[in-house]
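Asker: Questions regarding the structure given below will be posed in turn.
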Amino acid sequence: MTALSKRYKQWSKTVKRAERLTVVGYNRVMQKPTVYGTRVDPQTRCAHYSSELDIIAIKMACCQQFYACRECHDEVARHEAMVWPMTKRTELVVLCGVCAHQLTINEYLLCESRCPQCGSGFNPGCSKHAHLYFEVTP
Ligand SMILES: [Zn+2]
Ligand SMILES: [Zn+2]
Ligand SMILES: [Zn+2]
């Protein structure tokens, strides 16, 4: 074995390990968190919002848990809901129920009702309820 091929072998080992680590990290991010609520389906529709497009869940500021909607939170959680303040606009709080991609508040407000990861359409009506989840400018 030449020195060069030895080096190459070592290098490809390192790359493979890095790839493996990346894949593990990727899976962790993509793992769907538990979404709470009333009659939540696998794509996070619920008893209150169950159209084709009602596929987002939102992490509530008060308990840091994902709920299918604000009504779900108010039915299930035994505490007052809190909205995310302006200073938390870069928190990952919106979950796409189709691909499990998480969006920050800013990303959600700019995504034009479409998941930036899988392209699934979100209910454009949801953004009218943004004030139930995020602090918004009047
Ligand atoms: Zn809560
Ligand atoms: Zn609900
Ligand atoms: Zn998606």
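Asker: Name every residue in region 116-129 that is under 17 Å from T104 (Cβ atoms) and modelled with pLDDT under 90, in order of residue number.
Answerer: C126, S127
Asker: Identify all residues within region 1-55 that are at pLDDT 80 or above, closer than 18 Å to C99 by Cα and among the basic types (K, R); write none if there are none.
Answerer: Across region 1-55, the qualifying residues are K32, R45.
Asker: For residues that are within 14 Å of ligand 1 (Cβ to nearest atom) and of a type in the set (A, V, I, L, M, F, W, C), scanning just region 73-124, find the one that is surrounded by the most Cβ atoms within 10 Å (Cβ to Cβ). Give the steps one after another, and end with the answer.
Answerer: First pass over region 73-124, keeping only residues within 14 Å of ligand 1 (Cβ to nearest atom): 73-84, 93.
Keeping just the survivors that are of a type in the set (A, V, I, L, M, F, W, C) gives 76-77, 81-84, 93.
Working: V76: 14, A77: 16, A81: 15, M82: 12, V83: 17, W84: 20, V93: 23.
Going through the qualifying residues, I end up with V93.
Asker: Just give me the residues in region 46-72 being more than 13 Å from ligand 1 (Cβ to nearest atom) and among the polar types (S, T, N, Q), in sequence order.
Answerer: S50, S51 - these are the residues of region 46-72 that are more than 13 Å from ligand 1 (Cβ to nearest atom) and among the polar types (S, T, N, Q).
Asker: If we scan region 118-133, do we find a residue that is in contact with a strand residue (DSSP E or B) (Cβ under 7 Å, 6 or more places away or on another chain), farther than 14 Å from I58 by Cβ and without any contact (Cβ under 8 Å) to a residue 40 or more places away in the chain?
Answerer: Residues of region 118-133 that are in contact with a strand residue (DSSP E or B) (Cβ under 7 Å, 6 or more places away or on another chain), as a first pass: 118, 120-122, 126, 133.
Checking the rest, the ones that are also farther than 14 Å from I58 by Cβ come to 118, 120-121.
Subset that is without any contact (Cβ under 8 Å) to a residue 40 or more places away in the chain: 118.
Scanning region 118-133 turns up at least one residue that is in contact with a strand residue (DSSP E or B) (Cβ under 7 Å, 6 or more places away or on another chain), farther than 14 Å from I58 by Cβ and without any contact (Cβ under 8 Å) to a residue 40 or more places away in the chain.
Asker: Follow-up. For region 88-106, how many residues meet the condition of being over 22 Å from V40 (Cβ atoms) and within 11 Å of the chain's Cα centre (by Cα)?
Answerer: Keep residues of region 88-106 that are over 22 Å from V40 (Cβ atoms), which gives 88-90, 104, 106.
Applying the additional criterion that residues be within 11 Å of the chain's Cα centre (by Cα) yields 104.
Number satisfying all stated conditions: 1.
The values are calculated or read from the model by the stated rules, or taken from the named source; none is laboratory data. The shown structure was predicted, so the numbers you read here are calculated from the model rather than taken from an experiment. Quick reminder, even Gly has a Cβ in these numbers, built from the backbone with ideal geometry, and neighbours come from all protein chains shown.
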